[in-house]
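Take a look at the structure below.
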Amino acid sequence: MKLERILQNQGFGSRRQCRQLIEMGEVRIQGEVVDHPGAEIATEGLILEIEGETWTYREKTYVALYKPAGYECSHEPKHHRSIYTLLPHQLVERNVQSVGRLDVDTTGLLLFSDDGAFIHNLSSPKKHVPKVYQARLAEPGTDAQVQKLLAGVSLIDEPQPVPALSARLLEDTLLEMSIDLGKYHVVKRMIAAAGNHVAQLHRSAFGGLTLGEGPLANLAEGEFVYLEAADLQRLHSAA
Ligand code: URA
């Protein structure tokens, strides 16, 4: 692929901007400056150095972010910062989108990609990818509330009662539950329907990817990691 095309589809700007970067000698491959925008470069395993920074070529990109509270999952946030300000500008230029959304005040694992099929697949309720949440409750939780969540609660826009896949109290006011549905405020609404109220919500796992484990072992709040093929496989193994 032509070098200028590579830079462009990796998110380094317009064709003109990419040509400029190359012609200014800002692009190196294996330590050598390549200053010809039309140079044909093999993309497999390609690692570039652009303005002194290492960049691994990825045809499609997959990212896991530990979302802090206070960020909106929107490119045009209304009242808070955008979650996209936590990602490299190249990824935003590539138009990565989050897989579903977390509320402004929710913390935890959020995935992004520029692979539309991947996003669609993971968002589809038919895929039944479980997500695990820890909810800090306003009132001490009860066994009856846990049983209600497991049996299924009625939500206004759902024709059938919605059950949690699992639910248990970790502490008096800390409930862990998993669901495979991705709907607006779904966990908060389920817990409200069971007779309690969420004071703070955290998502610890998405499919087989869990914060603090495997590729996400060292991910701190506000940080992201690129997911490789093996990590993506884990997504479809149960959480
Ligand atoms: N359910 C909610 O209520 N909020 C979230 O952020 C995610 C799931």
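Taken together, the values in this text are just the output of simple stated rules run on the coordinates, not laboratory data. Computed from a predicted structure; not experimentally measured.
As a test of understanding, state the convex hull volume per residue of the chain from its alpha carbons, in Å³.
135
For the pairs 78/131; 60/131; 78/183; 60/148; 67/127; 60/183, flag any whose C-alpha to C-alpha distance is greater than 31 Å.
Pairs exceeding the cut-off: 60/148.
Under the definition of Cα pairs under 8 Å and six or more residues apart, what whole-number percent is the relative contact order of the chain?
19
Roughly how many whole Å is it from the C-alpha centroid of segment 117-148 to that of segment 22-44?
So the separation of the two Cα centres works out to 47 Å.
Could you pull out every residue, at least 5 positions away or on a different chain, whose amide H is within less than 5 Å of the one on residue 174? Hs are placed 1.01 Å off N in the peptide plane, and Pro or chain starts have none.
Amide H neighbours of residue 174: 137, 141.
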